[in-house]
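Accompanying notes for the structure given below.
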Amino acid sequence: MDVVAQWVRTSWTKRSRGGLAAARRNAAPVGFVLPSSVCPAVHEVLMDEAQDFEPRMSMRDGEPDRAAVELKEADDRLRVEMRVTPSGMPRRWRRPPAVWLAGGEWVRWQVNYRFSWPLAAGGAWSYRLDTLNVAYAPTSVDVFTGVPARHVDERAHLR
């Protein structure tokens with residue numbers, strides 16, 4: 001399958017919910033240049049508050065984890081459906097349908113979460129924005145820095 005997936009995961013706590021820290025977090029990119037154009041591949045970019053939202057990247061050959069995204073080829077098109085983390089809030093009872101991509105197209109799918117930790121661990125809230133960029137038969141390493149053919153926005157208001 002000629003697919004490149006890029007996971008961009010940004011995480012933070014209440015300390016980055018306002019002011020300069022929130023400005024740095026909100027300025028974090030949701031798409032990056034790929035280190036290679038090899039297919040299939042998964043490029044992961046992690047950014048968090050503790051590292052001042054500096055990107056940490058890794059790349060591996062193969063397809064994304066089936067527990068996180070479902071990919072299916074049919075009739076020269078790719079069906080993409082992102083799965084949500086079941087432990088994250090808010091609950092998503094209604095989800096958007098899967099997206100179909102033609103060759104050369106890509107999708108950006110975004111979903112955010114709030115997590116609570118037990119009182120024994122400090123009882124703090126943490127937050128995460130997951131951005132999944134998936135290209136079907138990509139043509140360049142900078143594919144995810146442009147405008148996607150499809151954009152699915154499942155971001156919710158996080159208290």
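The values are calculated or read from the model by the stated rules, or taken from the named source; none is laboratory data. For clarity, every value in this text was computed on a predicted model and none was experimentally measured. For neighbour counting, all protein chains shown are included, and Cβ atoms are generated from backbone atoms with ideal geometry for every residue, glycine included.
Only residues in the stretch 75-96 that are more than 30 Å from ALA137 (Cβ to Cβ) and touching a residue at least 12 places away in the same chain (Cβ under 8 Å) count as the first member; pair them with residues that are part of a strand (DSSP E or B) and of a type in the set (Phe, Trp, Tyr), Cβ under 8 angstrom, at least 6 apart or cross-chain, and list the lot.
SER87/PHE115; GLY88/TYR113; GLY88/PHE115; MET89/TYR113; MET89/PHE115
Give the residues of the stretch 40-54 that are more than 18 Å from VAL143 (Cα to Cα) and either aromatic (Phe, Trp, Tyr) or touching a Phe, Trp or Tyr at 6+ places or on another chain (Cβ under 8 Å) (or both), sorted by residue number.
Matches in the stretch 40-54: MET47, ASP48, GLU49, PHE53.
From the list SER116, SER87, SER140, exactly one residue is polar (S, T, N, Q), loosely packed, with under 11 Cβ neighbours inside 10 Å and more than 15 Å from the chain's Cα centre (by Cα). Which is it?
Only one candidate qualifies: SER87.
Identify, by number, the condition in (1) over 23 Å from SER126 (Cα atoms); (2) surrounded by 14 or more Cβ atoms within 10 Å (Cβ to Cβ) that ASP76 doesn't meet.
Evaluating ASP76 over (1) over 23 Å from SER126 (Cα atoms); (2) surrounded by 14 or more Cβ atoms within 10 Å (Cβ to Cβ) leaves (2) as the failure.
Quick one: how many residues across the stretch 3-25 are within 30 Å of ALA74 (Cα to Cα) and either free of Cβ contacts under 8 Å to residues at least 12 places away in the same chain or out of contact with any Asp or Glu (no Cβ under 9 Å at 6 or more places or on another chain) (or both)?
Adding up the residues that qualify gives 1.
Taking the condition within 24 Å of LEU46 (Cβ to Cβ), of a type in the set (Ser, Thr, Tyr) and either surrounded by fewer than 21 Cβ atoms within 10 Å (Cβ to Cβ) or modelled with pLDDT under 90 (or both), does THR131 pass?
Judged against the criteria, THR131 is not a match.
Closer than 14 Å to GLY31 by Cβ, without any contact (Cβ under 8 Å) to a residue 40 or more places away in the chain and not hydroxyl-bearing (Ser, Thr, Tyr): is that true of VAL147 in this structure?
Taking the combined requirement at face value, the residue satisfies it.
Go through the stretch 22-42 residue by residue and tally those that are farther than 16 Å from GLN110 by Cβ and part of a helix (DSSP H, G or I).
Of the residues in the stretch 22-42, 3 are farther than 16 Å from GLN110 by Cβ and part of a helix (DSSP H, G or I).
Could you check PHE32 against (1) aromatic (Phe, Trp, Tyr); (2) farther than 14 Å from VAL8 by Cα; (3) in contact with a helix residue (DSSP H, G or I) (Cβ under 8 Å, 6 or more places away or on another chain) and say which number it fails?
Here PHE32 meets the rest and fails (2).
If a residue has to be more than 27 Å from ARG25 (Cβ to Cβ) and either surrounded by fewer than 16 Cβ atoms within 10 Å (Cβ to Cβ) or within 16 Å of the chain's Cα centre (by Cα) (or both) to count, how many in the stretch 91-112 make the cut?
Within the stretch 91-112, residues that are more than 27 Å from ARG25 (Cβ to Cβ) and either surrounded by fewer than 16 Cβ atoms within 10 Å (Cβ to Cβ) or within 16 Å of the chain's Cα centre (by Cα) (or both) number 7.
With respect to VAL147, is the statement that it is outside any strand (DSSP E or B) and either within 17 Å of the chain's Cα centre (by Cα) or among the β-branched types (Val, Ile, Thr) (or both) true?
Yes: the conditions hold for VAL147.
Under the condition of being of a type in the set (A, V, I, L, M) and closer than 20 Å to GLY103 by Cβ, which residue from the stretch 37-71 is surrounded by the fewest Cβ atoms within 10 Å (Cβ to Cβ)?
That would be VAL38.
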